[in-house]
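S.K.: Sharing a structure, written as structure tokens. Questions coming.
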Ligand code: 13P
Ligand code: SF4
């Protein structure tokens, strides 16, 4: 008989206030772009960026042989690339995942202040005892977690493979302990019918999308499709034509027959969506309306901390290196490598190998 621990009350995570920064003068942008390109070569470094960071950084990653991707592909790309330094433009868990997989490489980030509310909402000090109280469950954690939390997990997943992994575990008769995103956990539970015990954190960006205002926007644009990231609340997902990870949403934006697309995810993704479907019109799903005050307004305040200036600076100085304590890294590697292996097995099945 095991003792049961209640899930701690959800932490109230306030996104940092980002003050509006004056756009860089064109000459300064050009200078920084040229300097970064030069330094990437000189330092044997490659830029790995998430779709939510500033489009200047996304363009630089594309132009210099780096990658702009979802969190799974960022991990996979960094692991496979031969560069000795990975520069990760995103939030801290992405840099840590890169270090967990690549201890021999130097991992730098433009800022070490870029957090994630899901990571902050699942502290290892609370999560580990909770897992210990449920030893009969497989612990599956979203990649948006600290290295310490990954070290306690059986599996790490990202949104692009989460449904498939839970289906796989359910078929093996496993019960799941899922953390940290409750909306994503609920969504997977509804689809798979798996026995899932859910942690209760949320993403400060996706949690703000509002179903009522979205219904009103759909009424104004009956010819528009709605696409949503599964970190959004259930009532928003119910209104969506396509639900998926950031990469899957870009694919959907391209493949859907509709010319207008309402997007319930961070608006940083519009850079890639417009590239994939230049003739289409993209609208941000509403985050305000009916008593709501949007704090993040469909843009992650932590992703926004990545900029040309701090990217150039870390390449110059080698500052902001990510370190993960070795015994934690080794434990976290087990569950993180399982994620990559599982993703590779799905890709193999999809290719029909
Ligand atoms: P993806 O894995 O879909 O890129 O999501 C990461 C994330 O932080 C979404 O908010
Ligand atoms: Fe975390 Fe949400 Fe920002 Fe993604 S958008 S990094 S889940 S806070």
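S.K.: Which number in (1) under 16 Å from the mean Cα position of the chain (by Cα); (2) within 23 Å of residue 8 (Cβ to Cβ); (3) within 14 Å of ligand 2 (Cβ to nearest atom) marks the one condition that residue 199 misses?
M.R.: (1)
S.K.: Go over the candidates 278, 230, 257, 222 one by one and state the one that is in a loop (DSSP other than H, G, I, E, B) and surrounded by 14 or more Cβ atoms within 10 Å (Cβ to Cβ).
M.R.: After ruling out the rest, the residue left standing is 230.
S.K.: So residue 286 fits all but one of (1) modelled with pLDDT of 95 or more; (2) surrounded by 23 or more Cβ atoms within 10 Å (Cβ to Cβ); what number is the exception?
M.R.: (1)
S.K.: Being over 16 Å from residue 28 (Cα atoms) and over 20 Å from the mean Cα position of the chain (by Cα) is the filter here, so list the residues in segment 296-314 that pass it. Show your work before the answer.
M.R.: Of all residues in segment 296-314, those over 16 Å from residue 28 (Cα atoms) come to 296-306, 314.
Result: 314, single match.
S.K.: So is residue 72 in contact with a helix residue (DSSP H, G or I) (Cβ under 9 Å, 6 or more places away or on another chain), surrounded by fewer than 24 Cβ atoms within 10 Å (Cβ to Cβ) and either in contact (Cβ under 8 Å) with a residue 12 or more places away in the chain or closer than 21 Å to residue 310 by Cα (or both) or not?
M.R.: Criteria met by residue 72.
S.K.: So which of 137, 172 ends up being more than 16 Å from residue 202 (Cα to Cα), surrounded by fewer than 22 Cβ atoms within 10 Å (Cβ to Cβ) and free of Cβ contacts under 8 Å to residues at least 24 places away in the same chain? Even if it seems obvious, please write down each step before you answer.
M.R.: Numbers: 137 fails: free of Cβ contacts under 8 Å to residues at least 24 places away in the same chain.
Just one listed residue meets the conditions, 172.
S.K.: Here is a further query. Given the criteria away from ligand 1 (no atom under 14 Å from the Cβ) and surrounded by fewer than 20 Cβ atoms within 10 Å (Cβ to Cβ), does residue 124 qualify?
M.R.: Here the answer is yes, as residue 124 does meet what is asked.
S.K.: Select from segment 112-136 the residues that are more than 13 Å from ligand 2 (Cβ to nearest atom), assigned to a loop (DSSP other than H, G, I, E, B) and under 12 Å from residue 179 (Cβ atoms) and list them in ascending order.
M.R.: 123, 134
S.K.: Do we have residue 152 as in contact (Cβ under 8 Å) with a residue 60 or more places away in the chain and assigned by TED's automatic domain parsing to the domain that holds residue 339 here?
M.R.: Considered against the rule, which asks whether it is in contact (Cβ under 8 Å) with a residue 60 or more places away in the chain and assigned by TED's automatic domain parsing to the domain that holds residue 339, residue 152 comes out as yes.
S.K.: Right, next: Looking at (1) over 17 Å from residue 75 (Cβ atoms); (2) without any contact (Cβ under 8 Å) to a residue 12 or more places away in the chain, which is the one condition that is false for residue 344?
M.R.: (1)
S.K.: I'd like the residue in segment 93-111 that is in contact (Cβ under 8 Å) with a residue 60 or more places away in the chain and assigned to a helix (DSSP H, G or I) and, out of all such residues, is surrounded by the most Cβ atoms within 10 Å (Cβ to Cβ).
M.R.: My answer is 97.
S.K.: Scan 96, 73, 62 and give me the residue that is more than 16 Å from ligand 1 (Cβ to nearest atom), in contact with a strand residue (DSSP E or B) (Cβ under 9 Å, 6 or more places away or on another chain) and not assigned by TED's automatic domain parsing to the domain that holds residue 269.
M.R.: Criteria check complete, one pass: 62.
S.K.: Follow-up. Going through segment 298-317 one residue at a time, which ones are in contact with a strand residue (DSSP E or B) (Cβ under 7 Å, 6 or more places away or on another chain) and assigned to a loop (DSSP other than H, G, I, E, B)?
M.R.: Step one: of segment 298-317, the residues in contact with a strand residue (DSSP E or B) (Cβ under 7 Å, 6 or more places away or on another chain) are 298, 303, 306, 311, 314-315.
Of everything in segment 298-317, those that are in contact with a strand residue (DSSP E or B) (Cβ under 7 Å, 6 or more places away or on another chain) and assigned to a loop (DSSP other than H, G, I, E, B) turn out to be 298, 306.
S.K.: Considering only residues that are in contact with a helix residue (DSSP H, G or I) (Cβ under 7 Å, 6 or more places away or on another chain) and assigned to a helix (DSSP H, G or I), which ones fall in segment 233-248?
M.R.: Of everything in segment 233-248, those that are in contact with a helix residue (DSSP H, G or I) (Cβ under 7 Å, 6 or more places away or on another chain) and assigned to a helix (DSSP H, G or I) turn out to be 234, 235, 236, 237, 246, 247.
Results for (1) within 16 Å of ligand 2 (Cβ to nearest atom); (2) surrounded by fewer than 22 Cβ atoms within 10 Å (Cβ to Cβ); (3) over 19 Å from the mean Cα position of the chain (by Cα); (4) assigned to a strand (DSSP E or B), shown as yes or no for each residue.
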site: 30; (1), (2), (3), (4): no, yes, yes, no
site: 37; (1), (2), (3), (4): no, yes, yes, no
site: 40; (1), (2), (3), (4): no, no, yes, no
site: 48; (1), (2), (3), (4): yes, no, no, yes
site: 52; (1), (2), (3), (4): yes, no, no, no
site: 57; (1), (2), (3), (4): yes, no, no, no
site: 60; (1), (2), (3), (4): no, no, yes, no
site: 65; (1), (2), (3), (4): no, yes, yes, no
site: 68; (1), (2), (3), (4): yes, no, no, yes
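S.K.: Could you tell me how many of the residues in segment 183-209 are away from ligand 1 (no atom under 11 Å from the Cβ) and within 18 Å of residue 16 (Cα to Cα)?
M.R.: 2
The values are calculated or read from the model by the stated rules, or taken from the named source; none is laboratory data. Model, not experiment: these values are computed from the prediction. FYI the Cβ positions are ideal-geometry reconstructions off the backbone, even for glycines, and counts take in every protein chain you see.
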